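Student: Supplied in C-alpha coordinates, the structure appears directly below.
The values are calculated or read from the model by the stated rules, or taken from the named source; none is laboratory data. Worth saying up front: this structure is predicted, and the values here are computed from it rather than measured. Glycine gets a Cβ as well: all are built from the backbone with ideal geometry, and neighbour counts include every protein chain shown. These accessible areas exclude ligands, DNA and RNA; they are computed on the full protein's heavy atoms, side chains included. Shrake-Rupley method; radii C 1.70, N 1.55, O 1.52, S 1.80 Å.
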Amino acid sequence: MPRQNEKRYIPLETFRVTGSDGRKIAAYRFGDISKARFTRLSGRTGLSKQIKEALISRYGCKCFIYLEEVDERELQIDHRVPFEVDGEPDLAPENFMLLCGSANRAKSWSCEHCENWNNIKDKSICLSCYWAYPESYEHIAMRQIRRIDLLWEGDDIEIYERLKQRAVSVEKELPEFVKEIIEREIERNGDG
(Lines give C-alpha, C1' and ligand atoms only; values in the text may rest on other atoms or scores of the structure.)
Protein backbone atom coordinates (compact mmCIF):
# COMPACT_ATOMS: atom_id res chain seq x y z
CA MET A 1 0.00 0.00 0.00
CA PRO A 2 1.53 3.36 -0.97
CA ARG A 3 2.24 5.77 1.81
CA GLN A 4 0.59 9.17 1.80
CA ASN A 5 2.15 11.48 -0.88
CA GLU A 6 4.15 8.57 -2.34
CA LYS A 7 3.90 8.55 -6.12
CA ARG A 8 3.37 5.28 -7.97
CA TYR A 9 4.53 4.93 -11.57
CA ILE A 10 3.36 2.55 -14.23
CA PRO A 11 6.22 1.60 -16.55
CA LEU A 12 5.78 2.05 -20.30
CA GLU A 13 7.21 -0.45 -22.76
CA THR A 14 8.29 0.74 -26.21
CA PHE A 15 8.05 -1.57 -29.20
CA ARG A 16 7.91 -1.24 -33.00
CA VAL A 17 4.89 -1.71 -35.24
CA THR A 18 4.27 -1.13 -38.93
CA GLY A 19 2.20 1.99 -39.55
CA SER A 20 -0.53 2.33 -42.19
CA ASP A 21 2.07 3.77 -44.58
CA GLY A 22 4.33 0.70 -44.16
CA ARG A 23 6.96 2.51 -42.06
CA LYS A 24 8.14 1.22 -38.70
CA ILE A 25 6.92 3.44 -35.87
CA ALA A 26 7.13 3.38 -32.09
CA ALA A 27 4.21 2.08 -30.06
CA TYR A 28 3.75 1.94 -26.31
CA ARG A 29 1.99 -0.29 -23.80
CA PHE A 30 1.78 -0.41 -20.04
CA GLY A 31 4.48 -2.60 -18.54
CA ASP A 32 4.47 -4.91 -15.54
CA ILE A 33 4.46 -2.71 -12.44
CA SER A 34 6.33 -5.42 -10.51
CA LYS A 35 9.29 -5.05 -12.88
CA ALA A 36 9.63 -1.27 -12.54
CA ARG A 37 13.33 -0.37 -12.32
CA PHE A 38 13.01 2.97 -10.60
CA THR A 39 11.89 3.71 -7.08
CA ARG A 40 10.13 6.75 -5.71
CA LEU A 41 13.46 8.34 -4.80
CA SER A 42 15.30 7.51 -7.99
CA GLY A 43 12.58 7.61 -10.61
CA ARG A 44 13.34 8.01 -14.31
CA THR A 45 12.48 11.72 -14.10
CA GLY A 46 14.96 12.22 -11.28
CA LEU A 47 17.67 10.30 -13.12
CA SER A 48 17.02 12.25 -16.30
CA LYS A 49 17.33 15.51 -14.40
CA GLN A 50 20.60 14.39 -12.78
CA ILE A 51 22.04 13.27 -16.12
CA LYS A 52 20.95 16.48 -17.84
CA GLU A 53 22.46 18.63 -15.06
CA ALA A 54 25.74 16.68 -15.21
CA LEU A 55 25.94 17.09 -19.01
CA ILE A 56 25.14 20.81 -18.84
CA SER A 57 27.71 21.28 -16.08
CA ARG A 58 30.37 19.60 -18.20
CA TYR A 59 29.49 20.87 -21.72
CA GLY A 60 27.16 23.83 -21.27
CA CYS A 61 23.67 24.24 -22.71
CA LYS A 62 24.45 23.18 -26.24
CA CYS A 63 23.36 20.56 -28.71
CA PHE A 64 26.04 17.86 -29.16
CA ILE A 65 25.28 17.61 -32.90
CA TYR A 66 24.81 21.22 -34.01
CA LEU A 67 27.07 22.67 -31.29
CA GLU A 68 24.72 25.60 -30.86
CA GLU A 69 23.78 27.15 -27.54
CA VAL A 70 20.19 26.22 -26.74
CA ASP A 71 17.89 27.06 -23.87
CA GLU A 72 18.04 24.25 -21.30
CA ARG A 73 14.32 23.52 -21.76
CA GLU A 74 14.90 22.77 -25.45
CA LEU A 75 17.60 20.16 -24.82
CA GLN A 76 16.61 16.51 -24.80
CA ILE A 77 18.61 13.66 -23.27
CA ASP A 78 19.43 10.97 -25.80
CA HIS A 79 21.30 7.67 -25.64
CA ARG A 80 24.62 7.82 -27.52
CA VAL A 81 24.04 4.21 -28.60
CA PRO A 82 20.37 3.64 -29.44
CA PHE A 83 18.37 1.60 -26.95
CA GLU A 84 17.32 -0.69 -29.82
CA VAL A 85 20.98 -1.69 -30.35
CA ASP A 86 22.39 -1.83 -26.81
CA GLY A 87 19.45 -1.78 -24.42
CA GLU A 88 19.48 0.48 -21.38
CA PRO A 89 23.05 1.62 -20.67
CA ASP A 90 24.74 2.27 -17.38
CA LEU A 91 23.18 5.55 -16.29
CA ALA A 92 26.52 7.37 -16.28
CA PRO A 93 26.21 10.75 -18.06
CA GLU A 94 28.88 9.80 -20.64
CA ASN A 95 26.42 7.27 -22.12
CA PHE A 96 24.04 10.10 -23.02
CA MET A 97 24.11 13.34 -24.97
CA LEU A 98 22.02 16.51 -25.12
CA LEU A 99 20.27 17.23 -28.42
CA CYS A 100 17.99 19.96 -29.65
CA GLY A 101 14.71 18.65 -31.06
CA SER A 102 15.86 19.01 -34.67
CA ALA A 103 19.07 17.04 -34.08
CA ASN A 104 17.19 14.37 -32.14
CA ARG A 105 14.74 13.89 -35.03
CA ALA A 106 17.59 13.78 -37.58
CA LYS A 107 19.47 11.21 -35.49
CA SER A 108 16.34 9.09 -35.00
CA TRP A 109 15.57 9.05 -38.72
CA SER A 110 19.15 8.18 -39.67
CA CYS A 111 19.50 5.46 -37.02
CA GLU A 112 16.12 3.91 -37.89
CA HIS A 113 17.30 3.53 -41.49
CA CYS A 114 20.68 2.05 -40.55
CA GLU A 115 21.45 -1.62 -41.19
CA ASN A 116 22.96 -1.87 -37.71
CA TRP A 117 19.72 -0.71 -36.06
CA ASN A 118 17.55 -2.97 -38.17
CA ASN A 119 19.57 -6.19 -38.32
CA ILE A 120 23.15 -6.28 -37.04
CA LYS A 121 22.79 -4.68 -33.57
CA ASP A 122 26.55 -4.29 -32.95
CA LYS A 123 27.31 -1.64 -30.32
CA SER A 124 30.84 -1.08 -31.69
CA ILE A 125 29.37 0.10 -35.00
CA CYS A 126 27.35 2.73 -33.14
CA LEU A 127 30.36 3.79 -31.06
CA SER A 128 32.20 4.84 -34.23
CA CYS A 129 29.18 6.62 -35.74
CA TYR A 130 28.65 10.37 -36.10
CA TRP A 131 25.32 10.13 -34.26
CA ALA A 132 27.03 8.77 -31.11
CA TYR A 133 30.27 10.76 -31.23
CA PRO A 134 30.03 13.65 -33.71
CA GLU A 135 33.40 14.94 -32.51
CA SER A 136 35.18 11.76 -33.67
CA TYR A 137 33.52 9.34 -36.08
CA GLU A 138 34.27 6.92 -38.91
CA HIS A 139 30.87 6.75 -40.61
CA ILE A 140 27.31 8.01 -40.49
CA ALA A 141 24.82 5.17 -40.13
CA MET A 142 27.36 2.81 -41.78
CA ARG A 143 27.84 5.09 -44.81
CA GLN A 144 31.20 6.60 -45.67
CA ILE A 145 30.16 10.22 -45.54
CA ARG A 146 31.24 13.25 -43.50
CA ARG A 147 29.26 16.30 -42.56
CA ILE A 148 29.62 19.78 -41.19
CA ASP A 149 26.62 21.66 -39.88
CA LEU A 150 27.15 25.39 -40.21
CA LEU A 151 25.01 27.96 -38.46
CA TRP A 152 24.84 31.70 -38.93
CA GLU A 153 23.08 33.75 -36.29
CA GLY A 154 22.86 37.34 -35.22
CA ASP A 155 25.14 39.63 -37.22
CA ASP A 156 26.49 36.64 -39.19
CA ILE A 157 23.15 36.19 -40.98
CA GLU A 158 24.18 38.99 -43.34
CA ILE A 159 27.21 36.92 -44.40
CA TYR A 160 24.97 33.92 -45.00
CA GLU A 161 22.61 35.99 -47.17
CA ARG A 162 25.55 37.31 -49.23
CA LEU A 163 26.87 33.77 -49.64
CA LYS A 164 23.43 32.58 -50.76
CA GLN A 165 23.10 35.44 -53.28
CA ARG A 166 26.53 34.63 -54.70
CA ALA A 167 25.60 30.94 -55.08
CA VAL A 168 22.43 31.91 -56.95
CA SER A 169 24.41 34.27 -59.20
CA VAL A 170 26.74 31.42 -60.29
CA GLU A 171 23.77 29.00 -60.53
CA LYS A 172 24.91 26.64 -57.79
CA GLU A 173 23.16 25.13 -54.82
CA LEU A 174 24.44 26.68 -51.59
CA PRO A 175 26.05 23.49 -50.13
CA GLU A 176 27.88 22.82 -53.41
CA PHE A 177 29.07 26.43 -53.55
CA VAL A 178 30.34 26.37 -49.94
CA LYS A 179 32.22 23.10 -50.61
CA GLU A 180 33.90 24.67 -53.65
CA ILE A 181 35.01 27.68 -51.59
CA ILE A 182 36.51 25.37 -48.96
CA GLU A 183 38.24 23.21 -51.58
CA ARG A 184 39.73 26.32 -53.27
CA GLU A 185 40.99 27.59 -49.92
CA ILE A 186 42.66 24.25 -49.14
CA GLU A 187 44.28 24.14 -52.59
CA ARG A 188 45.40 27.78 -52.32
CA ASN A 189 47.16 27.05 -49.04
CA GLY A 190 48.79 23.88 -50.36
CA ASP A 191 47.10 21.70 -47.75
CA GLY A 192 45.62 19.35 -50.33
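Student: Given (1) more than 21 Å from M142 (Cα to Cα); (2) open to solvent by 50 Å² or more (accessible area, probe 1.4 Å); (3) at pLDDT 90 or above, where does P93 come up short, assuming only one miss?
Tutor: It fails just one condition, (2).
Student: Can you tell me how many residues in region 62-99 are within 12 Å of K52 (Cβ to Cβ) and touching a residue at least 60 places away in the same chain (Cβ under 8 Å)?
Tutor: 0
Student: Which residue pairs have Cβ atoms closer than 6 Å, lie 6 or more positions apart in sequence or on different chains, and pair a first residue in region 175-186 that is without any contact (Cβ under 8 Å) to a residue 60 or more places away in the chain with a second residue that is open to solvent by 70 Å² or more (accessible area, probe 1.4 Å)?
Tutor: Within 6 Å, the pairs are I186/G192.
Student: Same structure, new question: Go through region 108-126 and give me each residue that's of a type in the set (A, V, I, L, M) and crowded, with 16+ Cβ neighbours inside 10 Å.
Tutor: Residues of region 108-126 of a type in the set (A, V, I, L, M): 120, 125.
If the condition is that a residue be of a type in the set (A, V, I, L, M) and crowded, with 16+ Cβ neighbours inside 10 Å, then I125 is the only one that fits.
Student: Right, something else. Considering only region 141-183, state which residues are among the β-branched types (V, I, T) and either surrounded by 13 or more Cβ atoms within 10 Å (Cβ to Cβ) or over 22 Å from Y130 (Cα atoms) (or both).
Tutor: Taking region 141-183 and keeping what is among the β-branched types (V, I, T), we get 145, 148, 157, 159, 168, 170, 178, 181-182.
Listed by number, the residues that qualify are I157, I159, V168, V170, V178, I181.
Student: Can I ask one more? Could you figure out which of (1) open to solvent by 100 Å² or more (accessible area, probe 1.4 Å); (2) in a helix (DSSP H, G or I); (3) at pLDDT below 85; (4) polar (S, T, N, Q) isn't true of Q50?
Tutor: Of the numbered conditions (1) open to solvent by 100 Å² or more (accessible area, probe 1.4 Å); (2) in a helix (DSSP H, G or I); (3) at pLDDT below 85; (4) polar (S, T, N, Q), the odd one out for Q50 is (3).
Student: For Y133, indicate whether it is free of Cβ contacts under 8 Å to residues at least 12 places away in the same chain and among the aromatic types (F, W, Y). Show your work before the answer.
Tutor: Details: free of Cβ contacts under 8 Å to residues at least 12 places away in the same chain: no; among the aromatic types (F, W, Y): yes.
For Y133, the condition - free of Cβ contacts under 8 Å to residues at least 12 places away in the same chain and among the aromatic types (F, W, Y) - is not met.
Student: Can you find, within region 128-140, the residue that is farthest from E115 (Cα to Cα) among those that are in contact with a Phe, Trp or Tyr (Cβ under 7 Å, 6 or more places away or on another chain) and not in a strand (DSSP E or B)?
Tutor: P134
Student: Right, here's the next one. Confirm whether I51 is touching a helix residue (DSSP H, G or I) at 6+ places or on another chain (Cβ under 7 Å) and in contact (Cβ under 8 Å) with a residue 60 or more places away in the chain. Lay out the reasoning, then the answer.
Tutor: Numbers: touching a helix residue (DSSP H, G or I) at 6+ places or on another chain (Cβ under 7 Å): yes; in contact (Cβ under 8 Å) with a residue 60 or more places away in the chain: no.
Judged against the criteria, I51 is not a match.
Student: Tally up the residues in region 128-140 that are surrounded by 15 or more Cβ atoms within 10 Å (Cβ to Cβ) and under 23 Å from K62 (Cβ atoms), please. Give the steps one after another, and end with the answer.
Tutor: First pass over region 128-140, keeping only residues surrounded by 15 or more Cβ atoms within 10 Å (Cβ to Cβ): 129-134, 137, 139-140.
Those left that are additionally under 23 Å from K62 (Cβ atoms): 129-134, 137, 140.
So the answer is 8.
Student: Looking only at region 141-192, how many residues end up being over 28 Å from C111 (Cα atoms), acidic (D, E), part of a helix (DSSP H, G or I) and within 30 Å of the chain's Cα centre (by Cα)?
Tutor: Matching residues across region 141-192 total 6.
Student: Turning to a different aspect of this structure: Quick check, is R105 open to solvent by 90 Å² or more (accessible area, probe 1.4 Å), within 27 Å of A54 (Cβ to Cβ) and in a helix (DSSP H, G or I)? Before the answer, list the steps.
Tutor: On the way: open to solvent by 90 Å² or more (accessible area, probe 1.4 Å): yes; within 27 Å of A54 (Cβ to Cβ): yes; in a helix (DSSP H, G or I): yes.
When the stated conditions are applied, R105 passes them.
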